[in-house]
1. So how much accessible surface do A and B hide from each other in total, probe 1.4 Å, in square angstrom to the nearest 100?
2. Please give, to one decimal in nm, the separation of the simple spin-label points placed at A:R59 and B:R242, each 7 Å out from Cα toward the Cβ.
3. So how do A:D116, B:D301, B:D72, A:D80 rank on accessible area, 1.4 Å probe, biggest first, that is with the largest at the start?
4. Quick one: accessible surface of B:V58, probe radius 1.4 Å, all protein chains present, in square angstrom to the nearest 10.
5. Report B:E239's accessible area, 1.4 Å probe, all protein chains in place, as a number in Å² to the nearest 10.
6. Can you list the lysines whose alpha carbon is less than 27 Å from that of B:K100, not counting same-chain residues fewer than 8 positions off?
7. Starting from the Cα of B:H222, move 7 Å in the Cα-to-Cβ direction to define the label point; list residues of the range B:49-64 whose amide nitrogen is under 15 Å from there.
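The values are calculated or read from the model by the stated rules, or taken from the named source; none is laboratory data. Just so you know, these numbers come straight off a predicted model, no measurement behind them. Cβ placement follows ideal geometry from the backbone for every residue including glycine, while neighbour counts extend to all protein chains displayed. Note: areas computed on protein heavy atoms with side chains; ligands, DNA, RNA excluded. Shrake-Rupley method; radii C 1.70, N 1.55, O 1.52, S 1.80 Å.
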Amino acid sequence: MTITNRINFRKLTTAASLGVLVCAVSITDSNAGTLENLERERALVIESILNPELKPEERAEEIERAKPRLVDLERIVLRDPKMKGRNTPTVRRAFENYDLTFMLHAATERNLSITDNWLSQIGITTQSVMSAPIRRRSGE
Amino acid sequence: MTNIPLNQITTSGCQIRPGLRAATPIIFAAVILMSSTVTARPNAGLPEWRPESSEKLVKLPATYLKKSIDSDFADSKLGLAIEENQEKSRLKLQSLKDLKMAVRDADGEVKTEIRHHLLAEKRSFIYIMSNKNEMRRKQLVTKLRLFERMLKKLGESDAQMTKSRKKLVDKQETAKKRFHASLSTVDVRLFENDAIPESKYSQKYAKNMTAIGKLVSRIGSHRMNSSINADGHLLTKEEYIRGLLAETQSEISILEQEETILGYMAKLVALDALVLSEEALDAVLINSDLPVNNSPAEAADFFLSN
């Protein structure tokens, strides 16, 4: 084997090893947590709830489509042993309010829709809307 | 030292020999005294024992833990060295017994020789025992540190339980309880009428949980998983390791006491050596022809007249 060939072979093996290393690191990095996956799904459901451009039936259909994914993801998080004592801001916030995080289970438990339960948790009820005073916003 | 003329050296050679013979026991006693002091050997020169990491040992069941540590020690260089030393000390002790009996039956110069030999053997015995104690100390200190590390590992989960972490864990426990309490209700409401089909995750999870339940039950009833019993009181792993630590600490205290014993033995050997050298000196003095001191006054008459 000539010197040029030997150098090329060495470069190739080095490049290949680096490539494998980068792939391994990438795989590790892209493995998002169970809670992060749930939060992503929850955000999509809330987006559907708050989207003013959706008709009521479209909204209901989107929420129904999200339910099978949501039920599994909520259960995975609740059953995840690695979650116990993992004192990060995301985990602390998630377990601060069961009804807001585990929307589907909380709503089903109370025999309410996801939308109704979520809105009531953030303080928006029929009573609060109806009793809201109409007045000018300050500063305008 | 007196100046002895050369011609007197050869004709009365015993004039030098008493000096040498007198010095020999003193030199011998000095050697015994110097070497009888029990000096601490630096640890660096002793064989090593590196036990298994505390992370691995903490996971072992309590019943197996002590046996595992003892077995690991027995196979180490330090363990083998102590065993070898034990054998040497046993043989040395036998040698001392034999010499003691021989001294009783011997007579004259032979007896003195055997007594010298006995002293040397006593010195050697003290050295072997001192060496053994150093190795034992190393073993016990290593064991002590190991138990301390294991207790630290066991207590780590408690030590890291800060206020906020504890609050989080409490909330997680509450969430779990609420989830389990409502699970059957939620299942009925969600999956009735096939509104939401049961996912693969739910089906496989249920199947795996059955298998896990059986395995956990078997682990719980396994012989090696049984807790240590002390006077009818079941000990936790932490309590058991604390007990072992206290035991090791007491062994170190006993070892220090044994070193005191060795110190006194060494002192006795030194004193016996002095006795022997004194006896040898007496014998030398009796047989020696010491030079007579002639006073000048005796020759005064020769100077009175010319």
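1. On the way: alone 10860 and 22450 Å², together 30770 Å².
Separately minus together, A and B give about 2500 Å² buried.
2. 6.0 nm
3. Solvent-accessible surface, decreasing: B:D301, A:D116, B:D72, A:D80.
4. Near enough 20 Å² of accessible area.
5. 70 Å²
6. Cα-Cα hits under 27 Å: B:K88, B:K92, B:K111, B:K122, B:K132, B:K267.
7. B:57-64
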